[in-house]
Amino acid sequence: MGQFNRSGRYQKMYVEDAPDAEVYALDCVPSDRDRSWTNGVHAWQKQTPSEPAKIVGWFTPPRQRNTGHHNRMGPNPRRN
């Protein structure tokens, strides 16, 4: 579940195409995540035509979801 949102929706963002954007280190996100996290945006670096592109960091690191948020209109909204 959740995998269907990732495929085909976003294209790779390359460091060379956004020179003014800040690239964060790959290790700025802890490997042990205790809850769900939102997807970040990987920073890819173009290689030679014979080599594939590689991930060098994050343009936007993943962040924790807002787990304390509750919709005002819950599952049983009151009707007048």
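The values are calculated or read from the model by the stated rules, or taken from the named source; none is laboratory data. On a predicted model such as this, the values are computed, not experimentally measured, just so you know. Reconstructed Cβ throughout: ideal geometry from the backbone, glycine too, with neighbour counts over all protein chains shown.
At a glance:
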| quantity | calculated |
| --- | --- |
| Selected residue (criterion: modelled with the lowest pLDDT) from residues of region 1-36 that are aliphatic (A, V, I, L, M) and surrounded by 10 or more Cβ atoms within 10 Å (Cβ to Cβ) | V29 |
| Complete set of residues in region 37-77 that are hydroxyl-bearing (S, T, Y), part of a loop (DSSP other than H, G, I, E, B) and either surrounded by 10 or more Cβ atoms within 10 Å (Cβ to Cβ) or modelled with pLDDT of 75 or more (or both) | T38, T48, S50 |
| Failed item in (1) in a loop (DSSP other than H, G, I, E, B); (2) at pLDDT 65 or above, with N80 passing the rest | (2) |
